[in-house]
Amino acid sequence: MKELLGVNFCGFPCENPFLLSSSCVSANYDMCARAFEMGWAGVVFKTIGRFEVEEPSPRFAMLRSTPNSLLGLKNLEQHWEAHPIEEDFEAIARLKRRYPEKLVVSSIIGVTPDEWTDMARLSEQAGADMLELNFSCPHTSNKAQAGAAVGEDPDLVKAYCAAARRGTRLPMLAKMTANATHMEIPALAALEGGADGIAAINTINCIIGVDLDTLVGAPDIQGLSAPGGYSGVGVRPIAMRFIQELASHPGLRGVPLSATGGAETWRDCAEFLTMGAATVQVTTAVMHYGYRIIENLLSGLSCYLEEKGTTAEALIGAGLPYMVEPDDLTRGVNVYPVFRPDVCVGCGRCYLSCRDGGHQALAWDSRKRLPSVIPGKCAACHLCTEVCPVGAIAVCQKP
Ligand SMILES: Cc1cc2nc3c(=O)[nH]c(=O)nc-3n(C[C@H](O)[C@H](O)[C@H](O)COP(=O)(O)O)c2cc1C
């Protein structure tokens, strides 16, 4: 299994690419130990900082398509001062003593250069394998000096990386904010300051919904709400795009990347690897389904790798050559939809979508409940293929 799933991350041999990301899922010794026992290769421990924070309550809200589903999660949690920081470093030390083969990353935050240096030094003293510098929480108190406010400012990123570097010789990851348009700019600044790798993304500032009776946003905190961090499935395409951009940037080639944002299944994780991530970190899916999702991640990815005759290490970045700028795509070669009446359930969604969102290229036989293409009208956009709920429309591969 290790031969298939093992990856080298910043010099550390991980038994598989799956890590818990820094959050409430990795907040103490018992939680991390339980996750390790179940097969997670490592944890990024909950961010440690000297913040004085009183948490709002409630502090989560979910976006769903059905009552049991989870499209996205909003959180307003910081949780950095729930206990003395010495307890966190002691937990890291115990984890490393008990699980030397697992990757233990200390996630830290500070508001002055000296604090960054101090946190880095304490992390190394505790025995952490690596550091992750949190430049990306979108709802930190003291906004001017911490979290995403730092991640949006390349000079501060560089200065705080350099400050942390003064306190440690361990590998350091800079965890970036998706609230920046061009992540490669702060990422390059992080490397200049002494970081060795990049983690992306943190949660994205959002308003997840408003109660139309009370007019208060979710979650309702004593009659008020505030924007908070969005995570889960909904952010995955954005996280994947950032990873691909970082992996493809000439100044960042070969820099170890850790993907975080909406990974839920082994497929999501495999896709992140193909776009250049060496490890994949997970929070929201664990909050929703528990640590047990590791069973799906391990068995799914190893079956896939065996079937393809490859390894997780070889998959890292393997999809990058096929991702180009929109201008570099082949244009003017149309492939048309092929309708399969034996699979069609007659729901008519292809017809409606083509009529109201496409090119009015489908006719609808209401007696047979079947679509057909009006000759010469189809623009080959394949909206019909995407909306079909049963896969009854194929893409004809030949123009
Ligand atoms: C409740 C909660 C708390 C979090 N706390 C932290 C944190 O302390 N430090 C950090 O770097 N990221 C924190 N994150 C962000 C996650 O580590 C992760 O980057 C983000 O949630 C995207 O991944 P996901 O979609 O798998 O949740 C937190 C996320 C959530 C939902």
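Computed from the coordinates by the stated procedures, all read-outs in this text should not be read as laboratory data. On a predicted model such as this, the values are computed, not experimentally measured, just so you know.
Assorted remarks:
- Of all DSSP beta bridges confined to segment 149-233, the antiparallel ones make up roughly 60%.
- Compactness of segment 145-195, expressed as Rg and Dmax over alpha-carbon positions, Å: 10.1, 31
- Our analysis of segment 330-395 gives Rg over Rh at 0.94, with the two radii drawn from alpha carbon positions and Rh computed by the Kirkwood formula.
- For segment 39-109 versus segment 222-288, the gap between their alpha-carbon centres in whole angstrom: 16
- Across LYS46/LYS158; LYS2/LYS102; LYS46/LYS74; LYS74/LYS96; LYS46/LYS102, pairs whose alpha-carbon gap is larger than 24 Å: LYS74/LYS96
- The chain: C-alpha pair distances exceeding 26 Å, %: 58
- Across segment 132-174, Cα-Cα pairs more than 11 Å apart make up 62 percent of the total.
- DSSP-defined antiparallel bridges as percent of all bridges, the chain, nearest 5: 45
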